[in-house]
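Structure record follows, encoded as C-alpha cells.
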Amino acid sequence: MSYDCSWLGDVLPSERVSVGESARESHAGDWGTPEHRRVTPDAVVWPESTAEVAAVLEEANARGVPVTPYAAGTSLEGNATPAFAGVSLDLSRMNEILEIRPDDFQVDVEPGVLGGDVDEAVAEHGLFFPPLPSSGDISTIGGMIANDASGMGTVRYGEVADWVLELEVVLADGSVITTGSKAVKTSSGYNLKNLLVGSEGTLGVVTRATLELSGIPEQVRGGRAIFPTLEDASEAVFDAVRSGVDVAKIELVDRVSAEMANEYLGLDLPDAPMTFLEFHANHGIEEEIDFCRTIFEAHDLERFEIADEEEEMDDLWRARKELAYAVRSYDPDRRPLHPGDVTVPISAYPEIIRYAKELSAEHDLVVPCFGHAGDGNLHYSVLVDPSDADEVARGEQLYGAVVERAIELGGTATGEHGVGQGKRAYLEAEHGAASVEAMRAIKAALDPNDVLNPGKMFPETEGGGRVRLDSGGSSREKR
C-alpha cells in the first residue's frame, strides 16, 4: 500500500523532500537487495539536524506512516530499504565530525559520516577507529552502529559496539534520548546504548555518536600464508587464535576466491588456499610474526610471505577487500544468491568450512568461501543460474543448510550484516521463541505503532504484510 506523505512539506524545506521517481527508486534497494524485494518508498527526506529527524518521526508516528532510516545503501540484508513504502529517512546530509578530543581518545560524529572520513580526521592526532568493516570507506557510522558492524580487525579490536560510548537517539514518537556516557565504563541503569546498537533502526534513529579511538600502532606488518588444502588453512587459523598469536587481521581465502580475485583485479595470487595476515604492535612485532609462522608450520605451511613495503601490503589487502565485487562479476551467467555471513566459535571454524565445501560438491554448485577467519566469521556465496529453477532451488537449500549448521554449532546466522529481511527466518532457531517474544515486547514498548523500519527482524513478516504490535507485544495483525 502507499501512504499520504504530503505533510512532509510542513516539516522540512521543500528542497529536502522528494516524491520524484528517481529519488524514490534510488532508495528502493541497497547493495544486497534482490530485485523481488525492492519496495519504492512514497517519499524521501533529507533531515540535517536532530530536531528535524524528531519532527519527521513525531508526525509519521501520529499518522502511522512507516519510516525507514537510510544512508549509504551498502547493507546486504535489506536492512535500510523499505518493506512497506512510507518515508525513506536519508541521513547522509548529517555528516559532520562534531568534535575530536584526542586526550580522551574520543570523537563525536553525526550518523552520515563515512568511516574512512573519521579515520582521516583523527589520524593527525595519531588515532584511528579500529572496528571499521571492510566497506568502511563507503559506509556510514550510523549504518555501522545500526548493524553492529565489524571487519577484518575484529579478531584483535572487537566490533563496533565495543567502541561506542554514547548515543543520541530519536525514538519513534519523536522524543530524543541520550544513552551511555563519555566515561569508558558505567554500571548506571539499563544499558540502552547496547540495546540500540544492532537494532537496525527498528527501535530508534541515531543522530549523534561518541566513539572511542585507539592510537595508531607504531609497527604494522602484513603478509600471506599459502597452504596445500583449505582444511590445513582453517586448522592453522584455529590453532593460531587458540595459541594466542597477537594478530590484528587474519583472513581466509579459498582457491576459488583467489581465482576470482585474480580474474577481477588482474592479480597473480597463487592457485591455492591462503590466509592474509596483519600484525600491529608498538614493539616486538617480529617476534609475533615468528610465533605465527611456527604455529602455521605445524599445518603443512607451503609459503609464509611478509610484505616489505606499504604499497605491497596495500595490493595484498585489495584482493581481499574487493572479493565481493569479484564474486559478482565472475560468471555472467550466474549470480550469487545471498551474502553468506555465518559466525561460529573458533573451534568450529574448520567444521563449518568443511561442511560448506561438502555441500558445494554434493549440489554441484560453485561456493567461494572467505572471511574474517580469526573471529570465526565465514562469508560464502552460492552461484546459480537464475533462469534454472532446479539450480536455484539447490542453491537455496545449500545456503540455508550452512546457516542452520552454524546455529547448531553454537554460532549465529549473521556475524555482521544484521537480520534485516534476509535472515528473519532464522531468528527463533538461533535465539528461541521466548527470547524473540522478549524482543517483540521491547519493540512494542519503544515503537507501539510499528512505524520504525517495520518488516525487519521478526520472522512473522517474512511473507509480507506489516506487523502491528500491541503494548504487550503479543497481539499482531497484518494490514
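The values are calculated or read from the model by the stated rules, or taken from the named source; none is laboratory data. Quick caveat, the model's predicted, so the values are computed rather than measured. In this analysis, Cβ positions are derived from the backbone assuming ideal geometry, glycine residues included, and neighbour counts consider all displayed protein chains.
When residue 107 is tested against (1) among the β-branched types (Val, Ile, Thr); (2) assigned by TED's automatic domain parsing to the domain that holds residue 163; (3) at pLDDT below 95, exactly one condition is not met: (3). Could you tell me whether any residue of region 32-44 is in a loop (DSSP other than H, G, I, E, B), small (Gly, Ala, Ser) and within 30 Å of residue 184 (Cβ to Cβ)? No, there is no match, as no residue in region 32-44 is in a loop (DSSP other than H, G, I, E, B), small (Gly, Ala, Ser) and within 30 Å of residue 184 (Cβ to Cβ). Screening 260, 274 for residues that are under 22 Å from residue 368 (Cβ atoms), without any contact (Cβ under 8 Å) to a residue 60 or more places away in the chain and within 28 Å of the chain's Cα centre (by Cα) leaves exactly one candidate, 274. The requirement of being among the β-branched types (Val, Ile, Thr) and at pLDDT 95 or above is fulfilled nowhere in region 75-83; no residue meets it.
Here's the yes/no breakdown for (1) touching a His at 6+ places or on another chain (Cβ under 9 Å); (2) in a loop (DSSP other than H, G, I, E, B):
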residue: 132; (1), (2): no, yes
residue: 138; (1), (2): no, yes
residue: 146; (1), (2): no, no
residue: 149; (1), (2): yes, yes
residue: 152; (1), (2): yes, yes
residue: 179; (1), (2): no, no
residue: 207; (1), (2): no, no
residue: 217; (1), (2): yes, yes
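Under the condition of being at pLDDT 95 or above, within 22 Å of the chain's Cα centre (by Cα) and assigned to a helix (DSSP H, G or I), the residues counted in region 441-479 number 1.
Got at least one residue in region 83-92 being touching a His at 6+ places or on another chain (Cβ under 6 Å), among the charged types (D, E, K, R) and not in a helix (DSSP H, G or I)? Scanning region 83-92, I find no residue that is touching a His at 6+ places or on another chain (Cβ under 6 Å), among the charged types (D, E, K, R) and not in a helix (DSSP H, G or I), so the answer is no. Exactly one residue out of 300, 315, 290 is at pLDDT 95 or above and part of a helix (DSSP H, G or I), and it is 290. Reported count of residues in region 166-181, each being touching a strand residue (DSSP E or B) at 6+ places or on another chain (Cβ under 8 Å) and surrounded by 17 or more Cβ atoms within 10 Å (Cβ to Cβ), is 10. Report yes if residue 209 is at pLDDT below 95 and either over 26 Å from residue 375 (Cα atoms) or under 25 Å from the mean Cα position of the chain (by Cα) (or both), otherwise no. Judged against the criteria, residue 209 is not a match. When you check residue 318 against the structure, is it touching a helix residue (DSSP H, G or I) at 6+ places or on another chain (Cβ under 9 Å), surrounded by fewer than 18 Cβ atoms within 10 Å (Cβ to Cβ), basic (Lys, Arg) and closer than 18 Å to residue 269 by Cβ, yes or no? In short, yes. Screening the candidates 252, 211 for the property of being in contact with a Ser or Thr (Cβ under 6 Å, 6 or more places away or on another chain), surrounded by 16 or more Cβ atoms within 10 Å (Cβ to Cβ) and either of a type outside the set (Lys, Arg) or not in a loop (DSSP other than H, G, I, E, B) (or both) yields one hit, 252. Beta carbons closer than 6 Å, at least 6 apart along the sequence or on distinct chains, pair a first residue in region 191-203 that is touching a residue at least 24 places away in the same chain (Cβ under 8 Å) and buried (at least 23 other Cβ atoms within 10 Å of the Cβ) with a second that is among the β-branched types (Val, Ile, Thr) and part of a helix (DSSP H, G or I) for 197/145.
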